[in-house]
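All remarks here apply to the structure that follows.
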Amino acid sequence: MKEDCISIHIVLLGTQLHLSTIKKLYTYHSDLFRIKSTSSIATLPETDLSCWSYSKKVISSLLEESKYDADITIAIIENRIEGNYFTRRLSDKNLVLTFYEAETILRDANIDLFNYLLITIYKTITIYRFSNNVLSEDSSKFVHDETRSCIFDMLGNKYDLVYSTSNACLCQQCEAYSEKIDLPFNYITTLKKELKKIRKTRYTRLTDFIKQKPIISLIITAIFSVILNVLSCYIFELLFK
Ligand SMILES: [Zn+2]
């Protein structure tokens with residue numbers, strides 16, 4: 001484990017419908033962050049905003065009750081949060097993340113929800129590094145409106161989440177910006193290397209290809225069937241004649 005690895009505490013807020021996805025974080029290896037500890041707050045108050053949303057104030061008050069011994073605390077909730085964002089900064093070291101709508105968007109696009117957790121964490125720790133080891137109040141300045149498959153995509157259209165979760169990267173502009181900042185040795189190189197692994201699984205890439213190009217898939221299947229047939233006849237001839 002590297003010394004400058006950022007430690008993260010996870011707080012599970014209320015009933016969690018995606019525990020198996022969250023648990024994958026505990027065995028995930030990164031040279032940039034580690035999950036140090038977890039805790040949970042089982043019972044939540046009633047929502048205080050319209051559309052059954054929780055305000056930043058209510059979520060912050062839940063976290064204030066305990067002090068977590070980690071660089072960053074990420075609270076995970078299933079409900080809609082204020083402003084209908086995917087994540088919201090709560091303080092210099094606290095952030096809340098919701099699965100609300102992310103789960104549906106990614107399920108429809110055949111993308112593992114775990115990728116969403118990963119890109120959120122990489123974005124959060126990079127903001128933390130960019131802002132001299134805090135989640136600064138003006139961290140939105142790092143985000144760009146244009147969708148580039150980058151962890152700093154604004155996601156004004158929430159459906160654009162599919163790009164960064166299936167082909168995560170740090171875009172050229174964000175990389176150029178990072179060069180002006182004093183970061184730990186090799187931070188950006190390691191970040192880019194780890195982001196490259198956030199892709200769709202081979203199986204889902206294959207099923208996507210079949211859905212998008214059914215005729216080509218059919219032709220490939222037919223060609224392989226003929227080749228297999230010829231091969232099996234040849235092997236039969238060799239063995240039994
Ligand atoms: Zn970018």
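Every listed requirement among (1) of a type in the set (D, E, K, R); (2) away from the ligand (no atom under 12 Å from the Cβ); (3) within 14 Å of Tyr85 (Cα to Cα) is met by Asp138 save one, (3). Residues that are small (Gly, Ala, Ser) and surrounded by 13 or more Cβ atoms within 10 Å (Cβ to Cβ) were ranked within region 1-38; the one that is nearest to the chain's Cα centre (by Cα) is Ser30. Taking Glu78 as the residue in question, decide whether it is among the acidic types (Asp, Glu) and modelled with pLDDT of 95 or more. Against the criterion (among the acidic types (Asp, Glu) and modelled with pLDDT of 95 or more), Glu78 qualifies. When region 141-196 is filtered for residues that are among the aromatic types (Phe, Trp, Tyr), closer than 19 Å to Tyr128 by Cβ, part of a helix (DSSP H, G or I) and within 12 Å of the ligand (Cβ to nearest atom), the ones remaining, listed by number, are Phe142, Tyr177. Here the condition is being over 18 Å from the mean Cα position of the chain (by Cα), surrounded by 15 or more Cβ atoms within 10 Å (Cβ to Cβ) and free of Cβ contacts under 8 Å to residues at least 60 places away in the same chain; of Ser178, Ser225, it holds for Ser178 alone. Among all residues of region 59-74, there is at least one that is at pLDDT 95 or above, in the same structural domain as Thr104 (by TED's automatic domain parsing) and within 15 Å of the chain's Cα centre (by Cα). For Asn84, the requirement of being over 25 Å from Lys23 (Cβ atoms) and either over 11 Å from the mean Cα position of the chain (by Cα) or at pLDDT 95 or above (or both) is met. Residues to consider are Thr126, Thr120, Thr73; find the one that is among the hydroxyl-bearing types (Ser, Thr, Tyr), touching a Leu at 6+ places or on another chain (Cβ under 7 Å), touching a residue at least 60 places away in the same chain (Cβ under 8 Å) and within 16 Å of the ligand (Cβ to nearest atom). Answer to the check: Thr126. Highlighted here are the strands (runs of 3 or more DSSP E) found entirely within region 23-98 that include at least 1 residues which are aromatic (Phe, Trp, Tyr): 33-41.
The values are calculated or read from the model by the stated rules, or taken from the named source; none is laboratory data. Just so you know, these numbers come straight off a predicted model, no measurement behind them. Don't worry about glycine lacking a Cβ; one is built from the backbone with ideal geometry, like all the others, and counts go over all protein chains shown.
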